[in-house]
Every structure is written in C-alpha cells, then in structure tokens.
Amino acid sequence: MILCFDIGGTAIKIAEAFSPEDIRPQGRVPTPANDYPAFVAVLRATIGGASEPPKGVAFSIAGVIDPDTGRATVANIPCLSGRTLQSNLERDLGLRVVLANDADCFALAEATVGAGRGHEVVFGIILGTGVGGGLVVRGELINRDGGFAGEWGHGPVAQRLVGDVVLPAFPCGCGQTGCLDAVCSARGMEKLHAHLYGETVDSVAIVRGWEAGEPRAGRTVGLWLDLLSGPLAMIENLLGAGIMAVGGGLSNSAPLVGALDAAVRQRILRRIARPLVVPAQCAIEPGLVGAAVLGLGRLSG
C-alpha cells in the first residue's frame, strides 16, 4: 500500500492506494501552511493511523520542484518553499517519498484511468484559476524529476490583435505580460469581457450566457476560443498527443470544451475526425490518483 497526499493551501487530501484501480480516499485535514514541524506532525499522524504500514508516500503539490537543486517552490504553502523537499520528508517521515506537481498528477491520472487510456502521448490541460498542464509519454511523466514542462500558460504568446479587437498586454502573476494564463484562465475570460463591455461578470455566468446564445457572452467566448486554440494547436503539432484531457473549472462546461476541440482541430496539421480535446474523466480526485499511480510505479516492491 502507498499512502497518498494531495497538498493544497487549505487542506491535505489523503488516500490509500493498493493499485491504480483501488484507491481509497481517507478524508482531509487542514494544512499547516506556515509551520513545517506541524506539517510533518500531520503526516506522521496519518501514517500512524493507516490501515497497514505503507511502503512509501506519494505527494501531489501545487508547486514546482527544481530538477537541478531539488528545491521546492510552493507559493501557497510557505513552510515548504526553499526546501529540498523529497530528502527532507524522507528524513522526517522515515519512508521513501515521491513528489509531483498537481498538474502533472492530473495528467498522469487521465493517462492511466481517465480519458487518455490507450494513448501513448497524453497532454493534461488545466483551465481554471490558471492555465497549466502536464505531459505523459508512454505512461511516464515527462517531468520525472520535477521542472516546468507542460506549463503552456506562461510566456508572452497571447495575441494582441484578434479580428477587430485590440487587447492590452495583460500582466501575469509570473511577472511577464501577454501570457495565456492572464487572458484565458477563468479570471482572464472575465478580463476579456470587461475589456469588451466595461462590465464585471464572473466566468460561470459568461459561459452560461454563451451556452444560452447571449450575444455579449458569445463574443467574449469567441475571443477566448481564438486566443486559446492557436497556441493549443501548436502544442498538438509539437507533441502529437493522442488525447488532450481538460480539467479545471472551465471544463465543467462540456459545450465549451467541445467548441475548443473543434477550434483546435481546425488549426492542426493532422486531420482528426474524432475528438482530441475532451473533458477529463478521472472519477475521483485526480491529484490523489496521479500521486497514487506515481507512488505505485516507483515505490512498490
């Protein structure tokens, strides 16, 4: 059995994994985000209360491990940032540890038990509070030792002129301007709508309005699709992914994912009659599932 943790800024989700098809959620506990000894104490208590001694521990974290130094950057959990996290946790827990970014865990979950089953190359797309992703090739994360692969939401590539619309260079939280994260996340969609109409509307209402045929929402979503589909088509031309599975809050609209799929398939070199960009299918927490698959693959035996 592998014990799995999905580490969020407010809560730690827990599961016991016996196989990729047998992952048993064990609830959640608050995250001691600013106190490393308290963080370790929570993990130790969970390990001590497990149904059997785990062979190792696998983590999904909302952060990045530098592949050169092993140091973590976890913005929403300050007590973890700057640490050589794998070696620190192995020392403090007395168990073998594997770590992966939450978007990578999402992609691994989709490749193993979700929409990407049977495909050699799976690109997991996050469209929610941010734009991110992860890449799995032949069942293995491309980010095996950490790193930034799959972070397609960052980089100054967003179009400024789309049809007759001139967009400002929206600043991104990463420090650059013109990132897809700044204009195509849920907050980015809201910025687009505000730029077009000078009104504040949340992304859920914009998408619902588009689904209902409301003209203003339709123009905003059309602009969003234009901005997003070109870069995503380039990624498909580069990777040759068999499937692109979409998670995050914007993926809750199946028609929106379908429209993105149609726009992307019109722009790629390969002509695909079947859907390429599809809603994620992982039935339970993808962070836990991805961590479980990672842990079972590397820690069992």
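Structure above, values below:
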read-out	value
Search result, residues across segment 193-215 that are crowded, with 18+ Cβ neighbours inside 10 Å and over 17 Å from SER251 (Cβ atoms)	HIS193, GLY209
Hits in segment 1-28 - residues which are in contact with a Ser or Thr (Cβ under 9 Å, 6 or more places away or on another chain) and β-branched (Val, Ile, Thr)	ILE2, ILE7, THR10, ILE12, ILE14
Filter pass, VAL204 being under 16 Å from ASP164 (Cα atoms) and of a type in the set (Val, Ile, Thr)	no
From ALA241, ALA263, residue being in contact with a strand residue (DSSP E or B) (Cβ under 9 Å, 6 or more places away or on another chain), of a type outside the set (S, T, N, Q), part of a loop (DSSP other than H, G, I, E, B) and buried (at least 16 other Cβ atoms within 10 Å of the Cβ)	ALA241
Selected residue [closer than 19 Å to THR129 by Cα and open to solvent by 10 Å² or more (accessible area, probe 1.4 Å)] from GLY249, GLY230, GLY258	GLY249
Filtered residues of segment 197-226 (kept if aliphatic (A, V, I, L, M) and touching a helix residue (DSSP H, G or I) at 6+ places or on another chain (Cβ under 6 Å))	VAL201, ILE206, VAL207, ALA217, VAL221, LEU223, LEU225
Scope segment 1-29; condition assigned to a strand (DSSP E or B), of a type in the set (Gly, Ala, Ser) and either open to solvent by 40 Å² or more (accessible area, probe 1.4 Å) or within 21 Å of ASN101 (Cβ to Cβ) (or both); matching residues	ALA11, ALA15, ALA17, GLY27
Complete set of residues in segment 30-82 that are small (Gly, Ala, Ser), open to solvent by 50 Å² or more (accessible area, probe 1.4 Å) and over 18 Å from ASN101 (Cα atoms)	ALA41, ALA45, GLY48, GLY49, SER51
Residues within segment 147-156 that are more than 30 Å from LEU85 (Cα to Cα) and surrounded by 15 or more Cβ atoms within 10 Å (Cβ to Cβ), tallied	0
Residue ranges of strands (runs of 3 or more DSSP E) in segment 68-181 with at least 1 members over 17 Å from ALA291 (Cα atoms) and either under 15 Å from the mean Cα position of the chain (by Cα) or of a type outside the set (A, V, I, L, M) (or both)	121-127, 131-137
Matching option when the condition is modelled with pLDDT of 90 or more and at positive phi, among GLY118, GLY48	GLY118
Flag if GLY218 is surrounded by fewer than 17 Cβ atoms within 10 Å (Cβ to Cβ) and not in a helix (DSSP H, G or I)	no
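The values are calculated or read from the model by the stated rules, or taken from the named source; none is laboratory data. What you see is a predicted model, and the numbers here were worked out from it, not measured in a lab. Here the Cβ is made from the backbone with ideal geometry for all residues, glycine too, and neighbour counts use every protein chain on show. Areas reflect the complete protein model, heavy atoms only, side chains present, ligands, DNA and RNA absent. Shrake-Rupley method; radii C 1.70, N 1.55, O 1.52, S 1.80 Å.
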